[in-house]
1. Report the net charge of residues surrounding residue 37, where surrounding means a beta-carbon distance below 11 angstrom and charges are Lys +1, Arg +1, Asp -1, Glu -1.
2. Highest mean first, how do 33-43, 12-22 rank when packing is the count of other Cβ atoms within 10 Å averaged over residues?
3. Dividing the alpha-carbon Rg of the stretch 1-43 by 2.2 N^0.38 Å yields what?
4. How much of the calculated P(r) for the chain lies past 19 Å, in percent of all Cα pairs?
Amino acid sequence: MAVMIVRAAKLPAAAAGNTFTDRTAISEWAQSAVASASASHVIDGYSDGSFKAQANATRAEAVTVIIKALKK
C-alpha cells in the first residue's frame, strides 16, 4: 500500500523515515516508499513501533492513509 500511496500522492523521496522494529520484514522494493510515507507522516506504523509489512491493511487503516495523503 505504501508504494501506491507514495506514487498517487506524489510524495517526496526520503532517505529515511521511521525506524520500525520489524523493518527487516519490509521488502527491498518497498523500502523507499515506506521511508517516504513515514517521513511525510502518511503512514506512522503501529503503537508498538512495528510496520507489519506482511499483514493485510484493514479498511479503516486504508481510509486513514488515503485521507492523510489527500491532505498533503
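No lab work stands behind these numbers, since they all come straight from the coordinates. Everything numeric here is computed off the predicted structure, so don't read it as measured data. Cβ: placed from backbone, ideal geometry, glycine included. Neighbour counts: every protein chain shown.
1. +2
2. Order by mean packing, descending: 33-43, 12-22.
3. My calculation over the Cα atoms of the stretch 1-43 gives 1.01.
4. Result for the distance tail: 23 percent.
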